[in-house]
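Input: a single structure, listed below in structure tokens.
Taken together, the values in this text are just the output of simple stated rules run on the coordinates, not laboratory data. In this text the structure is predicted, and so the values were computed from the model without any measurement. Reconstructed Cβ throughout: ideal geometry from the backbone, glycine too, with neighbour counts over all protein chains shown.
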Amino acid sequence: MKQRCVREDLKMKSKAKLTHPGKAILAGGIAGGIEICITFPTEYVKTQLQLDEKANPPRYRGITDCVSQTVRHHGVKGLYRGLSSLLYGSIPKSAVRFGVFEMLSNQMKDEAGKLDSTRGLVCGLGAGVMEAVLVVCPMETIKVKFIHDQTSANPKYRGFFHGVREIVRTQGIRGTYQGLTATVLKQGSNQAIRFFIMTSLRNWYKGDNPNKSINPMITGAFGAIAGAASVFGNTPLDVIKTRMQGLEAHKYKSTMDCAMKIMRHEGSAAFYKGTVPRLGRVCLDVAIVFIIYEEVVKVLNKVWTSE
């Protein structure tokens with residue numbers, strides 16, 4: 001009897017603790033808000049380079065030239081044009097992502113509370129698709145239109161709410177859902193790759209102890225690796241999504257038509273436009289988000305008892 005109790009006790013200790021979806025939503029929202037304030041300038045530069053089509057001809061000679069021209073004409077605050085739309089969306093985006101991931105993973109973990117890499121990929125895919133439909137597509141469409149508007153001779157958007165009103169007034173709600181297919185493909189593959197890598201690295205690091213604590217710096221390193229993998233895996237989708245959401249989206253009949261026109265007129269290299277600035281931003285982005293998320297969850301576990 002005593003041996004049985006000891007075995008049950010060891011089993012309970014070795015079982016991984018589940019994260020309540022409510023904690024994940026709160027922690028994810030906090031992490032998303034802080035992260036975007038830090039990394040937005042690199043997102044701005046990436047988007048500008050992707051919108052800078054060869055046929056125009058190009059206005060920028062590279063990352064440095066894009067930054068210098070923006071600061072020269074609009075000041076340092078020009079690098080933060082469109083931040084409000086991304087900030088308003090980043091908080092619910094991360095909240096939905098981590099909330100859905102934890103909800104799905106809690107259902108898919110084995111008896112020991114462990115999530116294997118394949119199931120981590122499936123949970124990440126589900127989280128990515130959900131955040132794309134609920135938050136990312138309208139948020140990204142508005143952001144791209146704001147940034148693209150600044151490059152025109154007479155900018156027409158005076159701020160976030162004015163811009164949203166104008167977009168809805170002239171294009172309807174559909175105007176905020178341009179490039180939905182490309183966005184779902186991008187976000188779904190993004191989170192599938194990232195959570196697959198993160199789950200694999202966490203399982204490797206923890207070994208037989210699923211409750212082993214991970215140092216924030218190690219979490220950040222794992223996040224950066226996951227971010228880099230997602231960039232190389234789906235930058236072409238990001239380029240297509242950006243074109244489909246720009247002010248000249250009317251040139252494309254569909255996601256496939258956009259991809260074919262880019263290939264026909266600009267070549268395959270155009271699908272990797274903005275890779276370097278995106279690589280820097282995404283690695284930093286994913287590292288910061290996972291570090292903050294994990295640390296906020298630790299704090300919430302002390303004050304929010306969910307078991």
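Normalised by the number of residues in the chain, the mean separation of alpha-carbon contacts (under 8 Å, six or more apart) gives a relative contact order of 25 percent. Springs between Cα atoms under 10 Å define the GNM used for the chain, and in it the highest mean-square fluctuation of 58, 138, 92 occurs at 58. For the pair region 266-307 and region 125-194, the centres of their Cα atoms are 19 angstrom apart. Counting only alpha carbon atoms, the long axis of helix 216-245 and the longest principal axis of the chain meet at about 40°.
For region 296-302, 3J(HN,Hα) computed residue by residue from phi via the Karplus equation (6.51, -1.76, 1.60; θ = phi - 60°) reads 5, 4, 4, 5, 5, 5, 7 Hz, glycine and proline entered as x. With respect to the chain, whose longest principal axis is taken over its alpha-carbon atoms, helix 180-206 is tilted by about 30°. Placing pseudo-labels 7 Å out from each Cα toward the beta carbon at residue 215 and residue 37 gives an inter-label distance of 2.8 nm. Angle check, please: helix 137-150 long axis (alpha carbons) against the longest principal axis of the chain (alpha carbons), in degrees 0 to 90, nearest 10. The helix 137-150 is inclined about 30 degrees to the chain.
Close Lys pairs in region 67-172 (alpha-carbon distance under 26 Å; sequence gap of 8 or more, or different chains): 10.
Here the Karplus relation 6.51 cos²θ - 1.76 cosθ + 1.60, evaluated at θ = phi - 60°, turns the backbone of region 155-163 into coupling constants of x, 10, 9, 8, x, 4, 5, 5, x Hz, with x for every Gly and Pro. Would you mind getting me the FRET efficiency between residue 251 and residue 133? Use the beta-carbon distance for r and R0 = 25 Å, nearest 0.05. That gives a FRET efficiency of 0.50. Taking every DSSP helix (H) stretch of at least 4 residues in the chain, weighting each as -39,500 (n - 2.57) and dividing the sum by the residue count yields a mean residue ellipticity at 222 nm of -25000 deg cm²/dmol.
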